[in-house]
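Structure, as structure tokens:
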Amino acid sequence: MADSMKMRLGEMLVDEGIITPEQLQEAMQEQRSKGGRLEMILIDRGYVTQDVIMAFVGTQLGIPHVSLTEITIPKDVLESVPESIAVNHCLIPVFKKDNKVTVAMADPLNVFAIDDVKMMTGLDVEPAIASETDIKAMHLKYYGPNAGHKPIPSPSAGPAGAPKKAKAKSFEEAPPLDMDKLLQEEQNLEVVEEEEDQMDISSLEAAGEDAPVVRVVNFILTEAVRAGASDIHIEPYEKNYRCRYRIDGVLHEVKAPPRSMASAVSSRLKIMSSLDIAERRLPQDGRIKIKVLGKEIDLRVSVCPVQFGEKIVMRILDSSNLSLDIPKLGFEPGIQEKFEKAIREPYGLVLVTGPTGSGKSTTLYSALHAINDPDTNISTIEDPVEYNLPGINQVNAKAGIGLTFAAGLRSFLRQDPDVVMVGEIRDKETAEIAINAALTGHLVFSTLHTNDAPGAVTRMGNMGVEPFLITSTVHCVVAQRLLRRVCKDCKEPYTPEPEVLQEMGLDPNGERPTLYHGKGCKTCSDTGYKGRMAIHEVMILSDEFRKAVIQRKPASELKKVARESGMQTLRECGVQKVLKGMTTVEELFRVAHADED
């Protein structure tokens with residue numbers, strides 16, 4: 001009930017002779033000492049029945065009373081209001097006609113609940129009154145025992161007999177925003193102000209006047225962190241608005257705000273990122289530092305104008321999930337020793353390759369952490385700095401003011417460094433400076449975007465770097481990918497078919513091993529997968545490989561020579577993970593291409 005109605009309810013019941021003044025005083029005294037709703041205390045004490053209360057309040061307010069035990073709610077009516085809103089606001093839709101829905105509510109004066117239903121459904125709301133007990137009974141009947149608590153699913157896959165391949169839920173099927181929960185989540189999310197990136201307080205205050213937009217944005221950010229997402233994609237289309245989380249490497253659609261809120265959501269995020277809200281024609285990049293559920297989270301925000309508005313992608317950087325121990329990176333036995341030896345060389349170039357989101361930065365950070373000693377001067381230039389590493393000098397590249405990778409690296413060499421990390425070798429200038437640094441006694445770490453380890457050499461050659469310079473400096477290249485792990489709570493064994501073994505590179509006529517897949521459970525949201533791990537391809541340049549590079553052999557020949565020199569490919573590393581029951585065949589085939597013999 002609204003506060004004013006709650007204050008008058010007891011007096012109205014006394015005036016009508018339904019309860020005595022003494023009973024009202026006893027109930028009010030209990031309410032002051034224990035809390036709770038006055039009408040429920042009167043019912044619990046046996047002074048009045050729930051039906052009498054409902055009928056009386058309905059009459060006083062001019063709101064109809066609905067007896068839920070006597071009606072059956074059609075499916076289309078039930079689905080007209082999101083389940084989470086119905087449960088959290090203690091309401092349920094009972095009738096629907098044209099553009100109006102009748103909603104039975106325990107508290108028909110809850111304007112926040114009515115507004116949430118209007119905003120999420122686009123329908124006019126006509127409140128009716130029903131008992132809280134009856135509404136909860138309807139929730140149990142129609143929604144089940146887990147009403148209002150459906151988890152955000154993560155990507156799905158699996159072999160025959162396992163859950164079907166991951167498929168993004170449709171706009172209608174995706175879990176709805178819990179608008180009532182937004183009020184609570186807003187208290188769990190805090191924007192952290194920094195000295196160099198001060199927030200525009202006046203703009204924030206102006207934007208904060210639109211409370212629904214603030215709550216929606218806070219909810220999107222909080223739920224993404226809670227779900228373990230690495231990225232958030234918010235995309236406007238002509239007639240709808242889409243929100244997707246990347247969970248365990250696969251994009252996954254969740255319920256988005258109404259299309260009408262697209263501009264407001266974009267402005268809110270741009271204000272939080274200290275971007276120009278008036279600029280809607282050019283791409284912009286920003287950063288948000290927030291505190292969610294007690295954890296400090298960095299968000300890298302990219303805003304790009306598209307046909308029907310602005311697409312916003314946010315990379316979530318959660319330092320609490322960062323593990324810098326090399327043994328936890330997932331190297332196969334023997335491969336880890338090669339990598340650790342390479343990163344402890346006094347000079348040379350160590351490269352990590354792979355697509356965006358393959359864990360290259362984590363591998364490089366782990367390497368730096370392993371060799372970070374007081375007697376070692378380590379400097380990095382990154383775009384952007386993803387995680388702060390104590391004891392290491394980290395610089396954010398800012399191409400707009402001339403602070404490029406090449407400029408930063410050139411400056412580092414005048415600061416007596418022992419180890420240098422360059423975020424990425426993107427052009428010939430950066431490659432040449434990195435190679436010169438390695439030639440002059442520095443250990444240099446960097447990344448490249450190539451499909452495999454031998455491809456890094458070919459890529460540098462394409463940039464214009466001479467082969468003799470590559471062979472003189474590069475002594476280790478690591479290619480890596482991320483595979484989803486089989487859920488430990490629902491993994492089950494099965495025997496693969498000979499065709500599958502042959503595709504894995506195993507003998508189809510030999511003994512068939514026992515493999516595993518996840519059948520789906522509550523822990524993994526019925527996907528069969530929970531978490532990710534890395535597979536690696538570590539190439540140490542042998543004399544034979546260096547000769548092939550000098551002879552300008554093609555990429556296929558270089559890979560063949562590397563394998564003959566003892567390099568284990570990504571596919572071979574992934575097969576070992578499958579045989580150990582850590583991941584599935586389908587996941588391996590999705591991520592790692594077959595090796596050409």
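Here are a few things to note about the model shown:
- Whole-number D in µm² s⁻¹ for segment 324-396, Kirkwood Cα-pair radius fed into Stokes-Einstein, 25 °C, 0.890 mPa s: 185 µm²/s
- Using alpha-carbon coordinates, inclination of helix 179-188 to the longest axis of the chain, degrees: 60 degrees
- Computed E for Lys118/Ser319 - FRET, C-beta separation, R0 51 angstrom, nearest 0.05: 0.80
- Percent accessible area from carbon and sulfur atoms, segment 380-460, protein chains only, probe 1.4 Å: 45 percent
- Only protein heavy atoms count here; on that basis, with a 1.4 Å probe, Cys90 has an accessible area of about 20 Å².
- Were the residues from Asp44 through Glu70 laid out at 0.36 nm apart, the gain over their Cα-Cα distance would be 7.0 nm.
- Translational diffusion of segment 1-95, µm² s⁻¹ [Kirkwood Rh, Cα pairs; Stokes-Einstein; 37 °C; 0.692 mPa s]: 218 µm²/s
- All C-alpha to C-alpha distances of segment 370-482, sorted into 5 Å bins beginning at zero, yield P(r) values of 2, 11, 22, 23, 21, 14, 5, 0 percent in whole numbers.
- Crossing angle, helix 262-272 versus the chain [Cα axis fit, 0-90 degrees, rounded to tens]: 60 degrees
- Taking 0.36 nm per residue of separation and subtracting the current Cα-Cα distance, fully stretching the chain between Ser472 and Thr133 would add 114.3 nm.
- By accessible area with a 1.4 Å probe, ligands and nucleic acids excluded, highest first: order of Tyr245, Tyr387, Tyr347: Tyr347, Tyr387, Tyr245
- Scoring 469-480, 113-124, 489-500 by mean Cβ neighbours within 10 Å over their residues and listing the highest first yields 469-480, 113-124, 489-500.
- Where only DSSP H runs of four or more residues are counted, the chain gives -11000 deg cm²/dmol as its mean residue ellipticity at 222 nm, each run worth -39500 (n - 2.57).
- Vicinal HN-Hα couplings computed from phi for segment 364-377 (Karplus, 6.51 cos²θ - 1.76 cosθ + 1.60; Hz; Gly/Pro x): 5, 4, 5, 5, 5, 4, 5, 9, 7, 10, x, 8, 10, 8
- Per residue value of the accessible surface for segment 456-597 (all protein chains in place, 1.4 Å probe), Å²: 49 Å²
- Using the average count of surrounding beta-carbon atoms within 10 Å as a protection proxy, the listed peptides 559-567, 448-456 rank, highest first, as 448-456, 559-567.
- Dimensions (Å) - the chain, Cα atoms, principal axes, largest first: 102, 64, 47
- Remark: for residue pairs Lys270/Lys530; Lys328/Lys530; Lys118/Lys295, the C-alpha separation exceeds 22 Å in Lys270/Lys530; Lys118/Lys295.
- Tilt relative to the chain, helix 428-439 - C-alpha long axis, 0 to 90 degrees, to 10: 60 degrees
- Distance between the pseudo-spin-label points of Gln60 and Asp375 (7 Å out from Cα toward the beta carbon): 8.2 nm.
- The fraction of accessible area contributed by carbon and sulfur in segment 203-302 is 47 percent, rounded to a whole number (1.4 Å probe; ligands and nucleic acids excluded).
- Per residue, segment 39-135 exposes an accessible area of 44 Å² to a 1.4 Å probe, with every protein chain left in place.
- Per residue Cα convex hull volume in Å³ - calculated over segment 446-529: 166 Å³
- A Förster radius of 56 Å combined with the Cβ-Cβ distance from Gln551 to Arg281 puts the calculated FRET efficiency at roughly 0.65.
- For segment 462-555, the share of accessible area belonging to carbon and sulfur comes to 45 percent (1.4 Å probe, ligands and nucleic acids excluded).
- Scanning residues 5 or more positions from Ala453 or on other chains, those with amide H under 5 Å from its amide H are Ala479, with H placed 1.01 Å from N in the peptide plane.
- Taking amide H atoms as placed 1.01 Å from N in the peptide plane, the amide H of Thr102 lies under 5 Å from those of Val94, Phe95, Lys96, Lys97, Glu126, each 5 or more residues away in sequence or on another chain.
The values are calculated or read from the model by the stated rules, or taken from the named source; none is laboratory data. All of these numbers come straight from a predicted model, not from anything done at the bench. All Cβ positions, even for glycine, are placed from backbone atoms using ideal geometry, and neighbour counts span all protein chains on display. For the accessible areas, the whole protein counts, side chains as well, though only heavy atoms, and no ligand, DNA or RNA atoms are used. Shrake-Rupley method; radii C 1.70, N 1.55, O 1.52, S 1.80 Å.
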